[in-house]
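Structure in structure tokens, see below.
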Amino acid sequence: MRVTFSDCVVAGAICGLTALISLDVLTVFAVFVLLVCLKLVDTGDNLFVLAAALAFHWSQTSLGLLYKPISGRQPSAMISSDYQPMVLVGLTCVLMIAVGIRLALTIVGPPDPDEDRPAFAFRTGTLVVAYVVGVLFEGTLSAIAPEYPTIRQLLVTIDLARLGVLFLILRRTLNPVPHWTIFGAVLVIEIGLGITGYFAGFREPVVLAAIAMLEIFDRRNTRHWTALAVAGTLAVALGIVWMGIRVDYRRDYVEVDSFGSSRSARAERISGLVSDFVHSDATLLWQTADALVDRMWAVYYPALALERVPSVLPHTNGEILTAALVHIVTPRVFFPDKPELPSDSDEVRKYSGVMVAGREQGTSIAFGYAPEAYIDFGMPLMFAPVFLFGFAMGMTYAWARRLLWHRELFVAYATVSMWLSLYLFERSWATLLGVALGFVVYLGVPVLILDRTLLVRYFKQRERDDALSLSPETSVP
């Protein structure tokens, strides 16, 4: 990592502009931390998934700080909690993850640039067939996973591997020559599939599209700036619309029998709800934007916990993290009688003092690894396991980059696994570590085997090509 004079000038300008707009030191500090983190996770290999994941992760600690000066409206967490200490804790956690990643990348280093590494692993036709099959069975494995608890994580991970195929399709439409029409068509299909599910499944396709665009991004090309701006606007618009319609849509999803088996029925209902929402008055739109910020800015319950620990409840001396580690190293396939972890809502109720909805209502309120680390160890020791987690993720990325010789396989695996492992700030230790380990074991190992199988074929084909080029029958005098 090299910091240039232009980097300092740009960072200074951005922080100065933030100061003029917000007139808040904490907001300026948050923006500065973001810029530092983006620099720390610059991998130098033209893949921007770590930057995208850390930026989204950061947004859950700082979104409310930016929303207030931009909109003139105050998020509820600013009114009902002492949010500033939790924002500082959250920013420090993001920074520790970035520092851990940078250290790992520095220790391992990039692959030898002189090595003959194939760029492509599959023909375009093979990817298209795999993508169509994935679309046909989209969400099937995740839906049946709860019925098979011993292999639930395996089924969910395999289902999420479809996103890797999607990312490769999006890359192929942009490289070597961008085909924006095909790119947009694939993105529209994915958004349609995502928004007609139960959860906000449209987020990942938009993120993958942005990462694919960044890989070919040219600062001097106005089309690239336009495409990136459209992706950003689309992400914000979809988030607001989904927040505005999700209560009515989910109620119908559960109560209407035809919804479960008919995507067209769900699409028709979505269309009607969206039409009603976009034609509503400005007050409702702003209230929905407020609700989206309150949902994404995950500091309210953690801020309450910081106030109560240790003044009301003592630190646990590592009990939460220990339970999470024991849980992930005792897979249910070998330990079928392993008890379920307590609901995240139970933890929130205990340490924040708020009676939030829980399993009895069929939901769970996430608390997040940062408040769990604080409850376990207090400051500053709480940042040690956060740094180690970042270091482990950096090592995973660095070794995947070295071990996977096919560029396509590496970018697909790294993009899906790093994004889904790192983008959420509000995940508990058990979920955070479980998801990350699941991608290494259930996706990383099969991808490595596939890479080695294809590599043998690649070198055999190259040997045949070299032999033909040197044979007397094919030589040119």
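Nothing in this text is a laboratory measurement; each read-out follows from the coordinates by a stated rule. Remember, it's a predicted structure, so these values are computed and weren't measured experimentally. Please note: Cβ atoms are built from the backbone with ideal geometry, for glycine as well, and neighbour counts cover all protein chains shown.
Among all stretches of the chain without exposed chymotrypsin sites (Phe, Trp or Tyr not before Pro) (DSSP loop, at most 16 other Cβ atoms within 10 Å), which one is longest?
It works out to 335-477.
Suppose the chain between Asp112 and Glu268 were pulled fully straight at 0.36 nm per residue; how much longer would it get relative to their current alpha carbon spacing?
Stretched out fully, the Asp112 to Glu268 stretch lengthens by 50.9 nm.
Divide by every residue of the chain the summed helix terms, -39500 (n - 2.57) for each DSSP H run of at least 4, and state the resulting mean residue ellipticity at 222 nm, rounded to the nearest 500 deg cm²/dmol.
Only helices count here, giving -23000 deg cm²/dmol.
Would you please classify the overall shape of the stretch 209-260 from the alpha carbon gyration tensor, given that a ≥ b ≥ c denote the square roots of the eigenvalues, rounded means a/c under 1.5, and beyond that prolate means a/b larger than b/c while oblate covers the rest?
prolate
If you don't mind, another one. Which order do Ser364, Ser271 fall in if you start with the one that has the fewest other Cβ atoms within 10 Å?
Listing Ser364, Ser271 from fewest to most nearby Cβ atoms yields Ser271, Ser364.
Using alpha carbon coordinates only, what is the Rg to Rh ratio of the stretch 1-149, with Rh defined as the Kirkwood radius?
1.10
Can you check what the Kirkwood hydrodynamic radius comes to for the stretch 101-210, Cα pairs only, in Å to one decimal?
16.2 Å
Take the alpha carbon atoms of the stretch 45-88, find their center, do the same for the stretch 415-432, and report the distance between the two centers in whole angstrom.
A separation of 17 Å, based on Cα centres.
On a full-extension model of 0.36 nm per residue, what is the gain between Val132 and Asp42, subtracting their alpha-carbon distance, rounded to one decimal in nm?
Length gained, Val132 through Asp42: 29.1 nm.
Rounded to whole Hz and in sequence order, give me ³J(HN,Hα) for the stretch 155-164 from the Karplus expression 6.51 cos²θ - 1.76 cosθ + 1.60, θ = phi - 60°, writing x for Gly and Pro.
Karplus values, whole Hz, x for Gly and Pro: 5, 5, 5, 4, 5, 6, 4, 4, 5, x.
If you don't mind, there's one more thing I want to ask. Report the longest stretch of the chain that contains none of the GluC sites (Glu not before Pro) sitting in a DSSP loop with at most 13 other Cβ atoms within 10 Å.
In the chain, the maximal stretch lacking such sites is 116-339.
When the dipole is taken about the Cα centre of the chain, and only Lys, Arg (+1) and Asp, Glu (-1) are charged at their Cβ, what size is it in debye, to the nearest 20?
Dipole of the chain, to the nearest 20 debye: 580 debye.
Using only the alpha carbons of the stretch 157-263, what is the convex hull's orientation-averaged projected area in square nanometres?
The number I arrive at for the stretch 157-263 is 7.6 nm².
Would you please give the FRET efficiency between Ala235 and Leu381, computed as 1/(1 + (r/R0)^6) with r the Cβ-Cβ distance and R0 = 41 Å, to the nearest 0.05?
0.65
Turning to a different aspect of this structure: In whole Å, what is the distance between the alpha-carbon centres of the stretch 251-309 and the stretch 95-111?
A separation of 37 Å, based on Cα centres.
Which net charge results when you count Lys and Arg as +1 and Asp and Glu as -1 among the other residues whose beta-carbon is under 13 Å from that of Lys350?
Combined, the nearby Lys, Arg, Asp and Glu give -3.
Now, a different point. I need the phi-derived Karplus couplings for the stretch 59-74: 6.51 cos²θ - 1.76 cosθ + 1.60, θ = phi - 60°, integer Hz, Gly and Pro marked x.
So the J values, rounded to whole Hz, are 4, 6, 9, 9, 4, x, 5, 7, 5, 4, x, 6, 9, x, 10, 9.
Taking the Cα atoms only, what angle lies between the long axis of helix 25-40 and the longest principal axis of the chain, rounded to 10 degrees?
Rounded to the nearest ten degrees, it is 20.
Separate question: For the stretch 314-391, what's the relative contact order in percent, using C-alpha pairs closer than 8 Å and at least 6 residues apart?
The value is 37 percent.
Can you give the angle from 0 to 90° between the axis of helix 407-422 and the longest principal axis of the chain, with both taken from C-alpha atoms, to the nearest 10?
Relative to the chain, helix 407-422 is tipped by roughly 10 degrees.
How much of the calculated P(r) for the stretch 201-346 lies past 24 Å, in percent of all Cα pairs?
Value for the stretch 201-346: 62 percent of Cα pairs lie more than 24 Å apart.
For a footprinting-style exposure proxy, rank Met395, Met379, Met355 by other Cβ within 10 Å, fewest first.
Met355, Met379, Met395
Under 8 Å for C-alpha pairs, at least 6 residues apart: give me the relative contact order for the chain, rounded to a whole percent.
Rounded, it is 25 percent for the chain.
In percent, what relative contact order does the stretch 346-477 have, based on Cα pairs under 8 Å that are 6 or more apart in sequence?
That works out to 24 percent.
Just flag the trypsin sites (Lys or Arg not before Pro) in the stretch 197-286 sitting in loop per DSSP whose Cβ has no more than 12 other Cβ atoms within 10 Å.
Counting only loop positions with at most 12 other Cβ atoms within 10 Å, the trypsin sites (Lys or Arg not before Pro) in the stretch 197-286 are Arg219, Arg220.
Figure the gain on full extension for Asn221 and Leu325 (residue separation times 0.36 nm, minus the Cα-Cα span) and round it to one decimal in nm.
Going from the current span to full extension adds 32.7 nm.
Per residue of the stretch 302-309, what does 6.51 cos²θ - 1.76 cosθ + 1.60 with θ = phi - 60° give for ³J(HN,Hα)? Whole Hz please, x for Gly and Pro, Karplus curve as stated.
In residue order, the calculated couplings are x, 5, 5, 5, 4, 6, 9, 10 Hz.
P(r) tail for the stretch 41-468, what percent of Cα pairs lie past 32 Å?
Result: 41 percent of Cα pairs exceed 32 Å.
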